[in-house]
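Bear in mind these aren't lab numbers, they're just calculated from the coordinates by the rules spelled out. This structure is a prediction, so every number in the text was calculated from the model and none was measured. Neighbour counts are summed over all protein chains in view; Cβ atoms, including those assigned to glycine, are modelled from backbone coordinates with ideal geometry.
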Amino acid sequence: MSITTTVPPRPVHDPDSPLDWSGPLVPGEVVLDERVAPRAAWSGVVAAADVLTIVDVGGNQSADCLLYAADDTAERYSAADTIAWQGNVYVRTGTVLRSNLGRPLMAVAGNEVDRQDTIGGACGKESNTLRYGHHTAYQHACRENFLAEGARHGLGVRDLVSNLNWFMNVPVEADGSLGIVDGMSGPGRRVALRAERDVLVVVSNCPQMNNPCNDFNCTPLRMIVTRP
Amino acid sequence: MTTGRLGAEGLANVGQARADARGRASVSDWMPYLPANTTPYPPDGVDPDTLTWAETVAPGGYTHLRVARGTRLRLEDVDGEACASVLVHNAAQPGERLNVADTQKIPWQAYLGAGHPLLSGDGRVLATIVADTSGRHDAFCGASSDAWNEAKYGDATAEGPSPSGHALLRLAAARHGLESRDLPPAVSFFKGVRVAADGALEWTGSAGPGRSVDLLAELPLVVLIANAPHPRDPRPDYVAGPLRVHAWRSRPTGLDDDVAAATPERERAYRNTIAYAGLAGL
């Protein structure tokens, strides 16, 4: 259906942007294969030992991501435990994604980006007013996606914690300066996450247009679950 | 007839038990001091009669405070071995709580220090670090988890020899109707880490005894504090020291104050906070 609307324009990629839908990063029977539109949310349960490949279809598109133990969502991804346990703030192949109880939820089984982020957090309508000004308060944001998608699983504000940002680049410089800078990904690059137990994965395809986390060009994601 | 460890002259009736219990009144190295102006350790430069809380938290202990907007809180690392893992929640709506990612990202600075705001995920300042004589802090690693302490020390329980920070925060949170899901990553004061170019954490540890941090409550807060070793503390033993906590009446940050005027992001954060507090009558 084509309508005219008075809603302010929503960000979407340039129609000429190259898109590479790629494929699973690890072999196995494909048990799920879904596309996530720009600005949209996604969730799914990845069974223990299955592998979730996330494809950065358009390149440098931040996939904000939270993880919960599927059988008890009070146990959830903890950026702090993940960092403390491995002694490094960046996420790379081999990183064990741990819960607030320090236990493994998933592990990075494959990765085509130099380093992935878990210190940059998610954008929100409210935090956008701090970072960019109150003129951005009307814009959609990852926190909106997490709240809307989380509600489908009984999750609310108490369940929003520091998240992962696949394909986003947040360096910490020598003087402690920290910020979102140009990405190191590209069309078709992937990350693969092996579930260490049944895990609920909630993703926000980031709609942010005020910093380089999406290369100012919101593109789709592809989510593929394979069973070895 | 029952017989206790104290024998024939023991506590067989309520009168004897009551007299015995009352005879146990004493002091310990870790205790609250009430009223607060009776603290043996009044903070420098503070009129003791303005104090609203005074306490020494035991090594491996915890505390939890419900504080008014405008309360100033001083945490002191008495012997250089304290590690205060702190969470703050908006007491009026505890779904709003410390967000370490926003606390680092919005000021464009990973390392905490004087003037740094502790931000919620809702675009507001929960507390401001208004003074800091330590400079050794960490907003990356959070409080130690049960699994970490079990692996490192063999036990993580609050009643054991090596309580985890998370076990202590759970107990502190429970006093305010809060549960595990209300405990996001915490910030830790008095034990520092730095990030190397490859992302590796470098331990900077303690700045020594007698260092302090002052937090100013910008909203009515629930403050949860665990005093347990930092998870990256390289020492194999469980080393924690006493943590002193004093609170007194002050005033919240205004838009003309230096910490608010420092950067455009901080100025807007305080603007949001002041507008919210005014609208809600806080």
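Things worth noting here:
- Burial ordering of A:Met209, A:Met1, A:Met168, A:Met184, fewest other beta-carbon atoms within 10 Å first: A:Met1, A:Met184, A:Met209, A:Met168
- The protein assembly as shown: projected area of the alpha-carbon convex hull, averaged over directions, in nm²: 28.8
- Rg and Dmax of segment A:29-227, Cα atoms only, in Å: 15.4, 48
- Here is the tail figure for segment B:186-282: Cα pairs spaced more than 18 Å apart come to 63 percent of all pairs.
- Cα lying deepest toward the dipole's positive end in segment B:81-280, options B:Pro252, B:Gly135, B:Gln93, charges on Cβ: B:Pro252
- In Å, descending, principal axis extents of the Cα set of segment B:1-153: 69, 45, 34
- P(r), alpha carbons of chain B - 10 Å bins starting at zero, rounded %: 7, 27, 33, 20, 8, 4, 1, 0
- Per-residue Cβ neighbour rank within 10 angstrom, fewest leading, B:Arg251, A:Arg190: B:Arg251, A:Arg190
- Note on B:Met31 and B:Ala262: with the Förster distance fixed at 51 Å, the Cβ-Cβ geometry gives a FRET efficiency of about 0.85.
- Here the label points at A:Val30 and A:Ala49, each 7 Å from Cα along the C-beta direction, are separated by 2.3 nm in the simple model.
- Across segment B:157-166, coupling constants 3J(HN,Hα) worked out from phi with the 6.51/-1.76/1.60 Karplus curve, θ = phi - 60°, read 5, 5, 8, x, x, 8, x, 7, x, 5 Hz, and Gly and Pro carry x.
- Of B:Leu178, B:Leu75, B:Leu119, the residue with the greatest mean-square motion in the GNM of chain B, using alpha carbon springs below 10 Å, is B:Leu178.
- Calculated SAXS-style log₁₀ I(q)/I(0) at q = 0.14, 0.24 Å⁻¹ - segment A:136-218, Debye, Cα scatterers: -0.63, -1.31
- Among B:Lys152, B:Lys191, the order by Cβ neighbours within 10 angstrom, fewest to most, reads B:Lys152, B:Lys191.
- By the rule of a C-alpha distance below 21 Å, with chain neighbours fewer than 8 residues away ignored, the lysines paired with A:Lys125 are B:Lys105.
- The charge dipole of segment B:81-280, taken about the Cα centre with unit charges on the Cβ atoms of Lys, Arg (+1) and Asp, Glu (-1), comes to about 220 debye, rounded to the nearest 20.
- The average projected area of segment A:1-128, computed from the convex hull of its Cα atoms over all directions, is 10.9 nm².
- 3J(HN,Hα) from dihedral phi, segment A:79-86, Karplus parametrisation 6.51/-1.76/1.60, rounded to Hz, x for glycine, proline: 4, 5, 5, 4, 5, 4, 5, 8
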